[in-house]
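Below is one structure, written out as structure tokens; comments come after it.
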Amino acid sequence: MIIFIFVKISIALNPLATKIKICLVTVTLSDGGAERVAAELSKYFYAQGYEVHHVVFSGKIVYEHAGNVLHLETLKDVKNSLWSRYKRFTVLASYLKKQKFNFIIDFRTKEFYWQEFILHRFVYKNYIQTIHSYHLSSYFPSSKIAAKLLYPKQTRFITVAHEIEKLLRQDYTIDKVTTIYNPLHVENIFLKSQEPIENKGLFILAVGSMHENIKQFDVLIKAYAASVLPKNNVKLCLLGEGKLKTTFQELVQKLGLTDKISFEGHITNPFAYYAKALFTVSTSKYEGLPMSILESLACGTPVISYNYLSGPSEIIHNFENGLLVKNQDTQALVQALNTLFEDKTLYLHCKSNAKLSVRKFDTTEIGKQWEHLFRKS
């Protein structure tokens, strides 16, 4: 049985919006930054009077969202047989044909080329692909010819950082590309950040998936161990789950820091942790627009981050709301950890600027940019 969910939200009448139907396509609505962005945008669009639909390919539906939901997971059998795949495809194609959406906005990466080729060429109309990572191979095949075949000429691309837009134009000579940042409901985040957590004393924070080592928590653990923080009884708190968690725990044990580094797992409300941390640290290999940095600042907590190729330099103003560290320079990272802890004047200055520095990412501001895009298209 296909599950349709409709969430009622008060509608602010918008003459333009009443004529527009929008479909947001995600892998899940329960895991990942891109999926959270889709959920947040759905609430904004719905509140403006747009007709909003979600197509969710798999997984659970957990994130608060607005609109109708077509959950294709409910058509999948235990073995994910060819028959169930075909059934999901025909249901999706029929649904999109019937609804005649003005815009289909896709938040998914592209894993199966031929499946995506068929969807793009024969199913999707009025299509917008969002790019949430500097790692373009998550969205494009290595062959430039195959990439042009995958995405029809009329496809519009939305990147979440200017560095990604620059790379996309350079590597794939794509012109129909615009940067629109990820939205943050700043006030809502701040309210959730006021919820209490178990007293952990002084701690710094890192947040992200442990399924792959993109976040490089091992790098952070070693830098923390080499800093002045452990001897000053400042702990390191890690939020997230994944297959590498055991490896990271073994590293902590080897360094003799089991009493200083805690693994909190998946936390429903990470904002409460952001707010209580001294500062947040990002040591990723690459990102798109790192939500952990934005969310930390929205909670009034400064950030230390490697200046990897996409994201940090568009959010962090060095020595104003945090510290930018030379990309992948471990010694510089250790020094930054020491500096932001020991220089109290600098720390308080960065903390006082944190929340105000992310106002331009607020959902209302970002939503208006999407509406401007709709009017132009």
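Below, the figures for the structure above:
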read-out: Residues being of a type outside the set (G, A, S), surrounded by 11 or more Cβ atoms within 10 Å (Cβ to Cβ) and either out of contact with any helix residue (DSSP H, G or I) (no Cβ under 6 Å at 6 or more places or on another chain) or under 15 Å from S94 (Cβ atoms) (or both) - total across segment 66-82; value: 9
read-out: Count - residues of segment 98-121 that are basic (K, R) and surrounded by 16 or more Cβ atoms within 10 Å (Cβ to Cβ); value: 2
read-out: Tally of residues being more than 15 Å from F263 (Cα to Cα) and either under 15 Å from the mean Cα position of the chain (by Cα) or among the polar types (S, T, N, Q) (or both) across segment 200-219; value: 2
read-out: Close pairs from segment 195-222: first over 17 Å from E295 (Cα atoms) and among the basic types (K, R), partner modelled with pLDDT of 95 or more and in a loop (DSSP other than H, G, I, E, B), Cβ under 8 Å, at least 6 apart; value: K222/L255
read-out: Among residues of segment 227-246, those that are buried (at least 16 other Cβ atoms within 10 Å of the Cβ), over 19 Å from N199 (Cα atoms) and at pLDDT 95 or above, counted; value: 3
read-out: Entirely in segment 1-105, the strands (runs of 3 or more DSSP E) that have 1 or more residues that are under 28 Å from V186 (Cβ atoms), among the acidic types (D, E) and modelled with pLDDT under 95; value: none
read-out: Identity of the residue in segment 153-195, over 16 Å from the mean Cα position of the chain (by Cα), among the hydrophobic types (A, V, I, L, M, F, W, C) and under 27 Å from A354 (Cβ atoms), that ends up surrounded by the most Cβ atoms within 10 Å (Cβ to Cβ); value: F190
read-out: Residue in segment 106-123 that is farthest from R36 (Cα to Cα), counting only those that are part of a loop (DSSP other than H, G, I, E, B) and without any contact (Cβ under 8 Å) to a residue 24 or more places away in the chain; value: F112
read-out: Those residues of segment 272-287 which are of a type in the set (F, W, Y) and modelled with pLDDT of 95 or more, in sequence order; value: Y273, Y274, F279
read-out: Total residues in segment 253-281, condition surrounded by 11 or more Cβ atoms within 10 Å (Cβ to Cβ) and under 27 Å from the mean Cα position of the chain (by Cα); value: 20
read-out: The lone exception for I131 - which of (1) buried (at least 17 other Cβ atoms within 10 Å of the Cβ); (2) of a type in the set (V, I, T); (3) more than 30 Å from P312 (Cβ to Cβ) it fails; value: (3)
read-out: Selection within segment 339-377 - in contact (Cβ under 8 Å) with a residue 12 or more places away in the chain, of a type in the set (S, T, Y) and part of a helix (DSSP H, G or I); value: T339, Y347, S357, T363, T364
read-out: Counted residues, segment 124-157 - those being part of a loop (DSSP other than H, G, I, E, B), of a type in the set (K, R) and in contact with a strand residue (DSSP E or B) (Cβ under 8 Å, 6 or more places away or on another chain); value: 1
read-out: Qualifying residues in segment 285-330 (those that are crowded, with 24+ Cβ neighbours inside 10 Å and of a type in the set (S, T, Y)) - the one farthest from K360 (Cα to Cα); value: Y306
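Matching residues to (1) in contact with a Ser or Thr (Cβ under 8 Å, 6 or more places away or on another chain); (2) acidic (D, E); (3) more than 22 Å from N327 (Cα to Cα); (4) in the same structural domain as L238 (by TED's automatic domain parsing):
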| site | (1), (2), (3), (4) |
| --- | --- |
| Q115 | no, no, yes, no |
| F140 | no, no, yes, no |
| T155 | no, no, yes, no |
| L191 | no, no, yes, yes |
| N199 | no, no, yes, yes |
| I204 | yes, no, no, yes |
| G208 | yes, no, no, yes |
| E212 | no, yes, no, yes |
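Residue-by-condition table, conditions (1) at pLDDT 95 or above; (2) within 17 Å of L239 (Cβ to Cβ); (3) out of contact with any Pro (no Cβ under 8 Å at 6 or more places or on another chain); (4) of a type in the set (D, E, K, R):
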{"residue": "T159", "(1), (2), (3), (4)": "yes, no, yes, no"}
{"residue": "T173", "(1), (2), (3), (4)": "no, no, yes, no"}
{"residue": "T178", "(1), (2), (3), (4)": "yes, no, yes, no"}
{"residue": "L205", "(1), (2), (3), (4)": "yes, yes, yes, no"}
{"residue": "E212", "(1), (2), (3), (4)": "no, yes, yes, yes"}
{"residue": "V219", "(1), (2), (3), (4)": "yes, yes, yes, no"}
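The values are calculated or read from the model by the stated rules, or taken from the named source; none is laboratory data. All of these numbers come straight from a predicted model, not from anything done at the bench. Note that each Cβ is placed from the backbone with ideal geometry, even for glycine, and that neighbours are counted across all protein chains shown.
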